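The values are calculated or read from the model by the stated rules, or taken from the named source; none is laboratory data. Since we're looking at a predicted model, the values are computed, not measured. Using ideal geometry, Cβ is built from the backbone for each residue, glycine included, and neighbour counts are taken over all protein chains shown.
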Amino acid sequence: MQSRLVSSPFLALTGTVVLWASAFPAIRVGVDGLGVQALSFLRIVIAAGALLLVAPFAHVRVPRFPDLPMIALCGATGITAYQLLLNWGEVNVAAGTASLLIAIVPAFSVLLGSLFLRERVSRNIVLGSVVALVGAAIVSMAKGPGGLSVSALVVLAAAVVQGVYHVATKPLLRHYTGLEIATYAMVAGTVFALPLAPATWHAALHAPADALAWALYLGLFPSALGFVIWGYAVARLPLAASTAALYLVPPVALCIAFVWLGEVPHFIELVGGAVSVAGVIVINRRNQPQRARRMPGGTPVHAAADQPLTPNSENTRSPRRIVDTVSGPGPTKE
């Protein structure tokens, strides 16, 4: 057991959880010094550059022309819109609270998958989705009936667009690996974020050094490195282990935010977060056995943000494996 805990895949999985959890408080610090637009643009560009540098060594292929519209959708939703909405929401929403709200991404993923991909919706999926959404409502209303702020709704909107990203990746995963899709989406997201470049230039000239440092950190580590080591870990560990690790992202984010920013979560927020995670567990418990029977293998799709969809069956070493990634537990990215 001890040797397993210090194995490279386990350390990679642990590192992924910490990196994705740390993104929430890092955003709070970065937004204060750079603003929403500049932080979003810098993070996307830095992550895209890092993934493009890795691409030749990871044998990332050039995408097929017919797939470009779907790749553009992934970039517009899971990268550009997600970063803007999450960063905007965290202007007034605590980092730990944001991580709890983002944890319900899988609920939106399965609901959107049922609408647009005609995925079969079981009773447990409906129940789990309802429970997860109730948990999100509890978190949003933690300060009382008047506590449902615009910022909390913006963070929930970030969870919705992340759900769209996960649904949009499903047809692409029939032909590409998760790393390839993340690279394509990050590059596409950079293109959609180009209108933010002038504001970013102005903000960067006047930003404190620590804000620029945290933007660099967010792009290189939670976004780029986090995805690479996540794929490495999940390809070598049991699906149950990687799935369970994803549930740790919100509590780890709460701990980091407490130590780093002095944020103390409200008891009701913790209750709502626990309810949301319980709902996501219900969704995942229903779907994992079916996926395991249909396909062997397992690697994830990480939405360039810090909230991955739980791995189903994509094999990074065998890009032609057909993968089903609409429903999964991912709490995350950040």
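A168 meets each of the listed conditions (1) crowded, with 18+ Cβ neighbours inside 10 Å; (2) more than 22 Å from A21 (Cα to Cα); (3) in contact with a Lys or Arg (Cβ under 6 Å, 6 or more places away or on another chain) apart from (3). Could we say that P69 is more than 18 Å from A157 (Cβ to Cβ) and outside any helix (DSSP H, G or I) here? Judged against the criteria, P69 is not a match. Of the residues T97, T80, the single one that is polar (S, T, N, Q), under 17 Å from the mean Cα position of the chain (by Cα) and within 30 Å of A274 (Cβ to Cβ) is T97. Sub-8 Å Cβ pairs linking a first residue in region 179-192 that is under 15 Å from F65 (Cα atoms) and charged (D, E, K, R) to a second residue that is at pLDDT 95 or above and crowded, with 23+ Cβ neighbours inside 10 Å, at least 6 apart or interchain, number zero.
Collect the residues in region 174-191 that are crowded, with 17+ Cβ neighbours inside 10 Å and under 14 Å from L73 (Cα atoms), keeping them in residue-number order. Result: I181, A182, T183, Y184, A185, M186, V187, A188, G189, T190.
Each row is one residue, and each column tells you yes or no for (1) in contact with a helix residue (DSSP H, G or I) (Cβ under 7 Å, 6 or more places away or on another chain); (2) buried (at least 24 other Cβ atoms within 10 Å of the Cβ); (3) touching a residue at least 24 places away in the same chain (Cβ under 8 Å).
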site	(1), (2), (3)
G15	yes, no, yes
V18	yes, no, yes
A23	yes, yes, yes
L51	yes, yes, yes
R64	no, no, yes
L68	no, no, no
L84	yes, no, yes
I102	yes, yes, yes
F108	yes, no, yes
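The set of residues in region 46-66 that are part of a loop (DSSP other than H, G, I, E, B) and β-branched (V, I, T) comprises V60, V62.
Checking each residue in region 146-165 for being crowded, with 24+ Cβ neighbours inside 10 Å and of a type in the set (G, A, S) picks out A158, A159, G163. When R28, R4, R43 are screened for being assigned to a helix (DSSP H, G or I), of a type in the set (D, E, K, R) and modelled with pLDDT of 95 or more, only R43 passes. Out of curiosity, is A47 buried (at least 16 other Cβ atoms within 10 Å of the Cβ), touching a Lys or Arg at 6+ places or on another chain (Cβ under 9 Å) and under 30 Å from F258 (Cα atoms)? In short, no.
If you scan region 110-136, which residues turn out to be under 17 Å from L153 (Cα atoms) and either in contact with a Lys or Arg (Cβ under 8 Å, 6 or more places away or on another chain) or surrounded by 24 or more Cβ atoms within 10 Å (Cβ to Cβ) (or both)? Listed by number, the residues that qualify are A132, G135, A136. Just one of the numbered conditions (1) surrounded by fewer than 24 Cβ atoms within 10 Å (Cβ to Cβ); (2) modelled with pLDDT of 85 or more; (3) on the phi < 0 side of the Ramachandran plot; (4) not acidic (D, E) is not true of G96: (1).
Residues in region 72-94 that are in a loop (DSSP other than H, G, I, E, B) and polar (S, T, N, Q): N92 alone.
Would you call I71 closer than 27 Å to W260 by Cβ and β-branched (V, I, T)? The answer is no for I71.
Taking helices (runs of 4 or more DSSP H) as the structural unit, those lying wholly within region 209-264 and holding at least 1 residues that are within 18 Å of S7 (Cβ to Cβ) and at pLDDT below 80 correspond to 226-234, 239-246.
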